[in-house]
Amino acid sequence: MDKALEGVRILDFTHVQSGPTCTQLLAWFGADVIKVERPGGGDVTRSQLRDVPDADSLYFTMLNHNKRSITLDTKNPKGKEVLEALIKSCDVLVENFAPGVLDRMGFDWNRIQSLNPRMIVASIKGFGPGPFADCKVYENVAQCVGGSASTTGFSDGPPTVTGAQIGDSGTGLHLALGIVTALYHRTHSGRGQKVSVAMQDSVLNLCRVKLRDQQRLSHGPLKEYPQFGEGKPFGEATPRAGNASGGGQPGWILKCKGWETDPNAYIYFITQAPVWPKICQVIGKPEWATDPEYAKADARLNKLSSIFNTIEEWTKTKTKFEVMSICNPLDIPCGPILSMKEIAEDQSLRATGTVVEVDHPVRGSYLTVGNPIKLSDSKSEVRRSPLLGEHTDEILTKVLGYNEQELTEIRDSGALEPVIKQAAE
Ligand code: CAO
């Protein structure tokens, strides 16, 4: 079956997490992704968090499926020539180097455009233009500067980062959309363009409801936040809402049977207004359905914490899955807190290809997350990540068309070899 992005060739100059998530998505959709890595070590994540000696780490393998790898020293003159050839034969260059790296390498926008006017150059940086434009940024920094950390956690605790990689993988997703949009634009403009995404901006985009609340604050307290009912005053900025959504559907994480020993014996429970009478029945408080203090959603806002405490008395008598099976038929929205172990063992996620088992020649088989975006006519299959430089010869000869003699010249130039830094005398 044809793949949606078949025929699109990506020069993948990405490393660590943010960029690789983007190019992995494009590869899953069928793009030919050529990952250019520094000879010797390659992407630094190959050897980070290693769990199997000498094998590429899960950090690397889980972010680089369906790609080909070429090792090339792009600071070597011959390496630069090969990079030029790659730029001429690819549709998109994706990079997430620190600010200025590509320019220092000698490949700024003007140079790339002169080599290939149809090329789309897609970049991730920590910040957009402004006072912090030159800063290096990692996941948790992005979460902090994008507004996520100040709005995550409990109102009486410190700012908190979240396990969801919204700074890295979230930015990669944004960039992938920018790239396919620019590819579409190129179909009628005939030209490439720059696609830039800042991690700060991506995180903020995902936190836009908190900027909404920031502005609502100037019109009075945020009644959907638990601290309203608890009588705690609001400050000048959107506070941390604990496990409340802070939106139109009050919810909280409640203990379930076994919580004393199982750290994940909890359920997220939402008191959606239309099903309030059913909730009252289920938790043994039928009188709340008609009591004016509880019957209407607005009346409940100043006592959300005590309402959830009462619901919890009921959920504590059931396992999280029992609560789910009682509430689901009644259309009461709730979700068990699933551990990564439970997710890894979930057969329905295996069946949809969301959790996939992949075989790797060095590390053996491992689990990964497949493409979460399902296209009906362009199914994604997950192929293992490439070994370092696994496709160097194949790309030099079959993609770039170098003959044996040219190949020898490239090899002799040292462009495919690690640069050994001499210790300063
Ligand atoms: N051949 C030769 N040199 C190469 C090369 C190759 N194939 N690939 C990379 N390099 C060189 C670069 O030219 C650069 O050299 P100079 O600094 O001398 O110009 C050098 O490798 C390091 O690049 P870097 O500064 O991007 O890498 P770093 O480890 O110091 O920083 C990071 C990493 C992620 C902080 C930085 O790249 C960054 O801020 N990126 C943008 C934001 C981002 O994506 N962050 C998310 C990271 S995932 O959590």
*Could you check how many residues of the range 59-81 are more than 31 Å from the chain's Cα centre (by Cα) and within 11 Å of the ligand (Cβ to nearest atom)?*
3
*asked:* Whether any residue in the range 38-55 is within 14 Å of the ligand (Cβ to nearest atom), acidic (Asp, Glu) and in contact (Cβ under 8 Å) with a residue 24 or more places away in the chain is what I want to check.
replied: yes
_Long-range neighbours under 9 Å by Cβ, at least six apart or interchain, first residue free of Cβ contacts under 8 Å to residues at least 60 places away in the same chain and farther than 25 Å from Ile326 by Cα within the range 336-358, second among the hydroxyl-bearing types (Ser, Thr, Tyr) and part of a helix (DSSP H, G or I)_ = Thr354/Ser348
*So which of Lys210, Lys194 is touching a strand residue (DSSP E or B) at 6+ places or on another chain (Cβ under 6 Å) and either buried (at least 22 other Cβ atoms within 10 Å of the Cβ) or closer than 22 Å to Phe127 by Cα (or both)?*
Lys194
*Can you find even one residue in the range 310-321 that is over 25 Å from Tyr225 (Cα atoms), in a loop (DSSP other than H, G, I, E, B) and of a type outside the set (Ser, Thr, Tyr)?*
yes
*Taking into account only those residues within the range 96-143 that are in a loop (DSSP other than H, G, I, E, B) and small (Gly, Ala, Ser), which is farthest from the ligand (Cβ to nearest atom)?*
Gly130
*Being out of contact with any strand residue (DSSP E or B) (no Cβ under 9 Å at 6 or more places or on another chain), assigned to a helix (DSSP H, G or I) and away from the ligand (no atom under 15 Å from the Cβ), is that true of even one residue in the range 8-30?*
yes
*Output yes when any residue across the range 290-301 is among the hydroxyl-bearing types (Ser, Thr, Tyr), touching a residue at least 24 places away in the same chain (Cβ under 8 Å) and surrounded by fewer than 18 Cβ atoms within 10 Å (Cβ to Cβ), and no when none is.*
no
*Note down all Cβ pairs under 8 Å where the first residue falls in the range 121-146 and is modelled with pLDDT under 95, the second is of a type in the set (S, T, N, Q) and not in a loop (DSSP other than H, G, I, E, B), and they're at least six residues apart or on different chains.*
none
_Positions within the range 148-172 being touching a residue at least 12 places away in the same chain (Cβ under 8 Å), surrounded by fewer than 20 Cβ atoms within 10 Å (Cβ to Cβ) and among the aliphatic types (A, V, I, L, M), in sequence order_ = Val161
*If the Cβ limit is 7 Å and pairs must be 6+ apart or interchain, which residue in the range 98-110 that is touching a residue at least 24 places away in the same chain (Cβ under 8 Å) pairs with which residue that is more than 10 Å from the ligand (Cβ to nearest atom)?*
Pro99/Ala133; Leu102/Asp108; Trp109/Val121; Trp109/Lys194
*Looking at Gly284, Gly353, which one is assigned to a loop (DSSP other than H, G, I, E, B) and farther than 29 Å from Gln227 by Cα?*
Gly353
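The values are calculated or read from the model by the stated rules, or taken from the named source; none is laboratory data. Because the structure is predicted, anything quoted here is derived from the model rather than measured. Backbone-built Cβ (ideal geometry, glycine too); neighbour counts: all protein chains shown.
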